[in-house]
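In what follows, a structure is listed as C-alpha cells, so that the remarks can point back to it.
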Amino acid sequence: MGFADMHIHSMYSDGTLTPAEIVSIARARNAELISVCDHNETRGTLETAALARAAGLKYVSGVEIDAIHRGLDIHILCYGADLSHPELAARIRRARERLDGMSDALLARMLCDYPQLSREEYAHSAHDPARGGWKLLQYLQDRGVTKGLHEGFPLYERYGVTYADAGFDGAEDVVRAIHAAGGRAVLAHPGVVFPTQSLQEFARDVNGALDAGLDGVECHYPRHSPGVTRRCLEICAERGLMVTAGSDCHGAFNHNEIAQTRTPLEKLRLDGLE
C-alpha cells in the first residue's frame with residue numbers, strides 16, 4: 001500500500017532537500033504520490049516532476065502561495081495548474097516579492113538595535129540551501145543575533161512586520177488565478193492557520209476560508225489532532241471538496257518526514273487530479 005504526500009518543500013524555498021533526494025526518500029518511505037509545493041516558487045516542483053515519474057512515482061505539480069483572507073495569512077496549495085500561465089505566474093512572483101520584502105522590512109527595523117547588521121552586507125550575502133530557512137534567518141545567525149535559525153521567527157512579530165501589511169494578494173484573487181490556469185486550490189494545514197479553542201469555531205473559520213472558492217482541504221497533516229482531522233473530513237464531505245494529505249517536510253529545517261501521515265492514496269479525494 002503506497003502513501004500520498006502532497007506537501008513537500010525543496011531547497012528552492014526553505015527546505016534542505018534536493019529534488020533527487022526528495023524522490024529517493026519518497027521511494028524509501030513507500031510514497032506512491034508526491035508533490036513539491038515550495039513557498040511562492042516553482043523551480044522545485046518543475047525539477048522534481050520528471051525525476052519522480054522516472055522513478056515510478058505519481059506526481060502532481062504544486063506550489064504553496066501566500067494569500068490574505070480577512071486580514072489573516074493563509075497558505076493555498078495550487079495543484080495541477082499551468083505554472084506558466086501569465087496571471088498565475090505573476091501572482092506567484094508577486095507573493096515571493098512580498099515575502100522577501102518582509103525580511104527587508106525586518107532588517108531595516110533592527111538596524112538601530114543591532115549595530116553588527118548592515119543592509120549592504122545583507123544584500124551581498126548568499127542563501128545556503130543546505131542550511132534551510134531563508135536568507136535573513138541565516139544572516140541573523142551568522143551575525144550572532146540568534147543562535148539558531150528558528151529563533152528568528154519571533155522577531156517579525158516583535159518588530160511589527162506582519163503578513164497583513166505586506167501587500168499579499170487576496171485569497172479570492174489567488175484562487176481565480178489558479179482556476180484560470182486549470183489548477184485546483186487547496187487550503188493548507190488549517191489546524192495550524194486557525195488554532196481556535198473549539199472545533200465549532202474551527203469549522204466556522206475553515207468554512208469562511210473555503211468561501212473564497214477553494215476546492216479542497218489538506219485534512220491529513222502531522223500537527224492536526226484527531227478531532228481536527230475528523231472535522232476537516234466532515235467539512236469536505238458536506239461541501240463535496242477534495243481531501244489531501246501532506247507532511248510539510250522541509251528536510252533538516254523541521255522534524256517532519258516525507259509521507260509522515262501514512263495516508264493511503266485511496267483515502268484522498270482528488271477528483272481526477274492524479
Practice problem: Look at Leu210 and say whether it is farther than 27 Å from His150 by Cβ and either among the β-branched types (Val, Ile, Thr) or open to solvent by 10 Å² or more (accessible area, probe 1.4 Å) (or both). | Solution: no
Quiz prompt | Enumeration of residues in region 171-195 that are touching a helix residue (DSSP H, G or I) at 6+ places or on another chain (Cβ under 9 Å), of a type outside the set (Phe, Trp, Tyr), open to solvent by less than 50 Å² (accessible area, probe 1.4 Å) and over 14 Å from Gly80 (Cα atoms) | solution = Ala171, Val174, Leu187, Pro190, Gly191, Val193
Practice problem: Kindly indicate the residue of region 11-48 that is of a type in the set (Gly, Ala, Ser) and farther than 21 Å from Thr263 by Cα and also farthest from the chain's Cα centre (by Cα) among those meeting that condition. | Solution: Ala20
Quiz item: Can you name every residue in region 220-270 that is among the polar types (S, T, N, Q) and out of contact with any strand residue (DSSP E or B) (no Cβ under 9 Å at 6 or more places or on another chain)?
Solution: Ser225, Asn254
Quiz item: Among the residues of region 111-133, which ones are surrounded by fewer than 18 Cβ atoms within 10 Å (Cβ to Cβ), within 26 Å of the chain's Cα centre (by Cα) and not in a helix (DSSP H, G or I)?
Solution: Ser125, Ala126, His127, Asp128
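Results for (1) surrounded by 23 or more Cβ atoms within 10 Å (Cβ to Cβ); (2) within 20 Å of Asn207 (Cα to Cα); (3) touching a strand residue (DSSP E or B) at 6+ places or on another chain (Cβ under 7 Å), shown as yes or no for each residue.
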{"residue": "Leu57", "(1), (2), (3)": "no, no, yes"}
{"residue": "Gly71", "(1), (2), (3)": "no, yes, no"}
{"residue": "Leu77", "(1), (2), (3)": "yes, yes, yes"}
{"residue": "Leu106", "(1), (2), (3)": "no, no, no"}
Practice problem: Give me the pairs, please: first residue somewhere in region 109-135 and among the aliphatic types (A, V, I, L, M), second residue anywhere and open to solvent by 80 Å² or more (accessible area, probe 1.4 Å), beta-carbon distance under 8 Å, and either six or more positions apart or on two chains. | Solution: Leu111/Arg119; Leu117/Arg143
Practice problem: Take the residues in region 14-47 that are open to solvent by less than 30 Å² (accessible area, probe 1.4 Å) and free of Cβ contacts under 8 Å to residues at least 40 places away in the same chain, then tell me which one is farthest from Val174 (Cα to Cα). | Solution: Val23
Self-check item: Close pairs from region 144-167: first more than 12 Å from Met110 (Cβ to Cβ), partner exposed (fewer than 13 other Cβ atoms within 10 Å of the Cβ), Cβ under 6 Å, at least 6 apart
Solution: Ala164/Gly71
Practice problem: Would you kindly identify the helices (runs of 4 or more DSSP H) lying entirely within region 175-249 that contain at least 1 residues that are free of Cβ contacts under 8 Å to residues at least 24 places away in the same chain and either under 22 Å from Cys37 (Cα atoms) or among the aliphatic types (A, V, I, L, M) (or both)? | Solution: 226-239
Practice problem: Considering every residue within region 191-213, establish whether at least one is among the small types (Gly, Ala, Ser), closer than 30 Å to Arg27 by Cβ, at pLDDT 95 or above and touching a strand residue (DSSP E or B) at 6+ places or on another chain (Cβ under 6 Å). | Solution: no
Quiz item: Only one of Ala67, Ala95, Ala108 is within 18 Å of the chain's Cα centre (by Cα), at pLDDT 95 or above, part of a helix (DSSP H, G or I) and among the small types (Gly, Ala, Ser); which?
Solution: Ala95
Exercise. For region 247-259, name all the residues that are open to solvent by 20 Å² or more (accessible area, probe 1.4 Å) and farther than 10 Å from Arg223 by Cβ.
Key: Ala252, Asn254, His255, Glu257
Quiz item: Would region 167-187 turn up any residue that is over 29 Å from Arg239 (Cβ atoms) and more than 19 Å from the chain's Cα centre (by Cα)?
Solution: no
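The values are calculated or read from the model by the stated rules, or taken from the named source; none is laboratory data. Here the structure is a predicted model, which means the values were calculated and not measured. Don't worry about glycine lacking a Cβ; one is built from the backbone with ideal geometry, like all the others, and counts go over all protein chains shown. Keep in mind that these areas ignore ligands, DNA and RNA; they rest on the heavy atoms of the full protein, side chains included. Shrake-Rupley method; radii C 1.70, N 1.55, O 1.52, S 1.80 Å.
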